[in-house]
Every structure is written in C-alpha cells, then in structure tokens.
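Visitor: Below: one structure in structure tokens.
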Amino acid sequence: MQLLVIQRILGLLLMVFSSALLPPLFVGLYYQDGAIDSFAQAFVGILISGFLLYLPVRDHKKELRLRDGFLVVVLFWAWLGGMGIIVLAVAVLPMLGVGGMQLFRAETPGPVKDTKLTPRITETAKALWYIYLGLTVSCGLAYWVAGMSLFDAISHSFSTVAIGGFSTH
C-alpha cells in the first residue's frame, strides 16, 4: 500500500472539494440566515487540513493501485457520495496526475466492474450525470407542480434522487 500517495491524493481532494462549501456560504450571505460562520469555518478548516496533508508528500507521484483506490474511496466517500466519486475519477484526478480507473472500479458494485458501460469512462460518467440531472429536474418540477415552493422543491429533489433524506423542514 502506498500510504504517502494516498495521503497526497486525499490532501488534494480536500483542498479542491473544500470549494463545495462556497455555494452554501454565498447563499447564507444572500439570505442572511446566520449560518455563514459555520460554512466559512468548515471551508477554511477543510482547506487547511487538505493543505497540511498534501504539503509534506507533494512530490510522491506514483500510479494509484486498485487497493489504494479502495482506500481513497473509503476515506473520501462520506464527503462526496457515489456520483461524486465518478466525477472525481473522470475529471479531477487526471488533472492532478492520478489515474481514476482504480477509483471507478472500487466504487462500482458487483460483476459489472470489469466491463465498461461505454468504451470510455468519460462517456460513462457523462451518461450517468445526464440521467441524474434529468431525474433531479423532473423530481423538482413534480414537487413544484404539486404545491411546494420552488426552494423546497429543489431542496427535496436533491435529497430524494440522491437518497440523502434531508428536508428543509
């Protein structure tokens, strides 16, 4: 197991995905809802944690092996979820010089993992994201037509399709 490479990847991931806390921070600023401090502290804490993980091992650039990919998935999955791992494998990791196919195989359940859905992993990720986006938009519209406010409809569609189970109420 290449623990230093895993540490480098996790540090990079934490730094890159700390930006996921910026939209709720901006929404909090816009609505003045009192949650700004929590999101700002979380953003800074995750960014600094990622930097502190990355800094001492920034020069360890080896190819990620399959079981290293499993460990990265386990350590990072709670932050990001299954669709996020696919985006991570396809879009972000190649830019960081890390092969993403190991993470894709680690995240894929059952016997399907050895056969690609489409010839390229990029095509597979795009197809899955289009399906996810279509389901989310359809669900949000259905909630809105059924009488929810637009904000509640969008919020509930995110948790319904992603099976997060969170509610605005």
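The values are calculated or read from the model by the stated rules, or taken from the named source; none is laboratory data. Since this is a predicted model, take the numbers as computed values, not measurements. Don't worry about glycine lacking a Cβ; one is built from the backbone with ideal geometry, like all the others, and counts go over all protein chains shown.
Visitor: Go through the range 21-53 and give me each residue that's within 19 Å of PHE151 (Cα to Cα) and loosely packed, with under 15 Cβ neighbours inside 10 Å.
Guide: LEU22, PRO23, PHE26, VAL27, LEU29, TYR30, TYR31, GLN32, ASP33, GLY34, ALA35
Visitor: Now for a separate question. Would you confirm, using the coordinates I've provided, whether LEU64 is assigned to a helix (DSSP H, G or I) and either at pLDDT 75 or above or in contact with a Gly (Cβ under 7 Å, 6 or more places away or on another chain) (or both)?
Guide: Criteria not met by LEU64.
Visitor: Let me ask you something else. Restricting to the range 22-32, name every residue that is of a type in the set (A, V, I, L, M, F, W, C) and either modelled with pLDDT under 90 or not in a helix (DSSP H, G or I) (or both).
Guide: VAL27
Visitor: Are there any helices (runs of 4 or more DSSP H) wholly within the range 67-169 with 3 or more residues that are at pLDDT below 85, over 13 Å from LEU13 (Cβ atoms) and in contact with a helix residue (DSSP H, G or I) (Cβ under 7 Å, 6 or more places away or on another chain), and if so which?
Guide: The helices (runs of 4 or more DSSP H) meeting that bar are 82-87, 101-107, 121-145.
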